[in-house]
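Notes follow once the structure below has been shown.
The values are calculated or read from the model by the stated rules, or taken from the named source; none is laboratory data. It should be emphasised that the depicted structure is a prediction, and the values quoted were computed from it without experimental measurement. Cβ atoms come from the backbone with ideal geometry, glycine included; neighbour counts cover every protein chain shown. Ligands, DNA and RNA are excluded from the accessible area calculation, which covers all protein heavy atoms including side chains. Shrake-Rupley method; radii C 1.70, N 1.55, O 1.52, S 1.80 Å.
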Amino acid sequence: MSGAALRRANLEALVEAQGATRATPPLLLSADPYFDLAGEEFGRRLLLTTDATGAEYCLRPDFTLPIVKAYIENGVGKPAAFSYLGPIFRQRNTGAAQFDQAGIELLAQPDGDVALDQVLTFARAALSIYGVAPQFRLGGVGLFEALLAQADMPDAWRPRIRNRFGHTEALNRLLTRLEAAPDLPREAQPSRDELVEDVTAQMVAAGLSLSDGRTPDEIADRYLEQQALDAALVPPATLKLLRDYLAISGPVLQALTQIEALAAGHKLMLGAPIRALRRHLNGLGEAKVSFDAGFSPRLDYYTGIVFELTGQSGAILASGGQYDRLLERLGATAPIAASGCSVWVDRLEAEVAP
């Protein structure tokens with residue numbers, strides 16, 4: 001057996017050894033959930049087709065979403081574990097559109113810490129099969145959310161800042177805009193009824209339909225919402241706190257110590273999410289581990305600890321974390337703990353290619 005075949009057989013054995021149900025979702029899936037959850041950026045990577053009714057479908061671009069949807073449809077509540085190894089399909093700038101992923105998804109487990117440890121162990125073991133000593137990059141979604149919840153700012157800005165967390169450029173643009181906002185008296189705004197009447201008159205004068213596209217009421221509401229946001233200033237000290245926090249990156253223990261000092265200086269209670277991060281470090285052994293305060297997948301259903309593993313090439317070989325909000329987003333009526341990760345098999349094979 002060749003080295004590549006042996007490694008593939010060992011990876012198959014690792015997937016089977018997880019004590020989980022082997023998941024084999026359909027190759028053709030509804031595209032709507034991917035657009036709803038991951039947005040247009042991910043949607044551009046889908047391989048799409050349309051049926052006779054106009055409904056859009058895509059070739060399976062991941063395993064997590066169909067696994068979670070099937071779990072919800074079969075009745076949530078009981079602990080469940082799934083493992084997988086097989087092809088997914090995404091448009092990429094380089095490389096084939098079809099490639100393999102391996103991974104595990106642990107749902108509704110009684111101990112979320114134990115579940116995340118199993119996910120981390122699986123990722124390390126998969127890379128070990130290929131002889132890769134990875135660099136761990138950790139992030140704390142729950143940590144940032146705890147900071148955001150306690151920071152001094154108008155409530156209207158918290159979800160907008162959270163929605164940009166993990167989008168470095170977008171979040172930087174928002175913070176720059178808030179830093180530049182002048183602290184000046186605001187002119188009195190017209191009433192909603194006056195604004196709707198004015199918008200209606202302008203649309204009629206321009207020959208625009210009042211029912212196709214956005215209505216005068218929707219335009220007025222959006223304008224008033226934006227004006228209220230512009231008037232709700234975020235204190236400069238809070239903006240500096242966010243900048244200082246997001247700039248923290250480096251060896252994990254050093255980074256966590258910096259965050260603890262920042263929290264103490266601003267009288268923030270961040271002990272619980274910091275302790276959660278520290279609890280998982282022992283299980284990572286001798287791996288090189290860094291913490292990046294601004295790191296998060298570009299998906300808002302991640303909730304706790306997130307991670308990426310990279311090899312010598314710098315390519316991301318595995319990624320995952322805790323995503324307790326995903327099941328609610330897909331129809332569950334209560335939060336359900338979930339952890340998982342995906343391993344990019346083609347990138348692993350490239351790491352050891354002669």
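Details
- Within region 1-56, being charged (D, E, K, R), within 23 Å of the chain's Cα centre (by Cα) and outside any loop (DSSP other than H, G, I, E, B) holds for ASP32, ASP36, GLU40, GLU41.
- Test: residue in region 284-293 that is aliphatic (A, V, I, L, M) and in a strand (DSSP E or B): yes
- Residue that is farthest from GLU145 (Cα to Cα) [pool: residues in region 237-269 that are in contact with a helix residue (DSSP H, G or I) (Cβ under 7 Å, 6 or more places away or on another chain) and either of a type outside the set (A, V, I, L, M) or open to solvent by 80 Å² or more (accessible area, probe 1.4 Å) (or both)]: SER249
- The set of residues in region 162-178 that are within 15 Å of PRO236 (Cα to Cα) and either of a type in the set (D, E, K, R) or open to solvent by less than 50 Å² (accessible area, probe 1.4 Å) (or both) comprises LEU174, LEU175, ARG177, LEU178.
- When residues of region 215-236 are limited to those that are surrounded by 15 or more Cβ atoms within 10 Å (Cβ to Cβ) and at pLDDT 70 or above, the one nearest to SER290 (Cα to Cα): VAL234
- Pairs with Cβ under 8 Å, 6+ apart, first in region 302-317 and closer than 19 Å to LEU284 by Cα and hydroxyl-bearing (Ser, Thr, Tyr), second open to solvent by 10 Å² or more (accessible area, probe 1.4 Å) and assigned to a loop (DSSP other than H, G, I, E, B): THR310/PRO134
- Residue within region 254-271 that is in contact with a strand residue (DSSP E or B) (Cβ under 6 Å, 6 or more places away or on another chain), under 27 Å from ARG173 (Cβ atoms) and either acidic (Asp, Glu) or part of a helix (DSSP H, G or I) (or both) present: yes
- Among the residues making up region 105-129, those that are open to solvent by 10 Å² or more (accessible area, probe 1.4 Å) and either part of a loop (DSSP other than H, G, I, E, B) or touching a Phe, Trp or Tyr at 6+ places or on another chain (Cβ under 6 Å) (or both) are ALA108, GLN109, PRO110, ASP111.
- Checking THR53, THR21 one by one, the residue that is of a type outside the set (D, E, K, R) and exposed (fewer than 12 other Cβ atoms within 10 Å of the Cβ) is THR53 and no other.
- Exactly one residue out of ARG45, ARG8 is under 18 Å from LEU127 (Cβ atoms), out of contact with any strand residue (DSSP E or B) (no Cβ under 7 Å at 6 or more places or on another chain) and not hydrophobic (A, V, I, L, M, F, W, C): that is ARG8.
- Any pair with Cβ under 7 angstrom, 6 or more apart, that starts in region 322-340 at a residue that is free of Cβ contacts under 8 Å to residues at least 24 places away in the same chain and more than 14 Å from PRO33 (Cβ to Cβ) and ends at one that is open to solvent by 50 Å² or more (accessible area, probe 1.4 Å) and assigned to a helix (DSSP H, G or I): PRO335/GLU328
- Residue within region 89-103 that is surrounded by fewer than 18 Cβ atoms within 10 Å (Cβ to Cβ), within 21 Å of the chain's Cα centre (by Cα) and small (Gly, Ala, Ser) present: no
- Residue within region 318-326 that is part of a loop (DSSP other than H, G, I, E, B), within 21 Å of ILE67 (Cα to Cα), in contact with a Leu (Cβ under 8 Å, 6 or more places away or on another chain) and open to solvent by 20 Å² or more (accessible area, probe 1.4 Å) present: no
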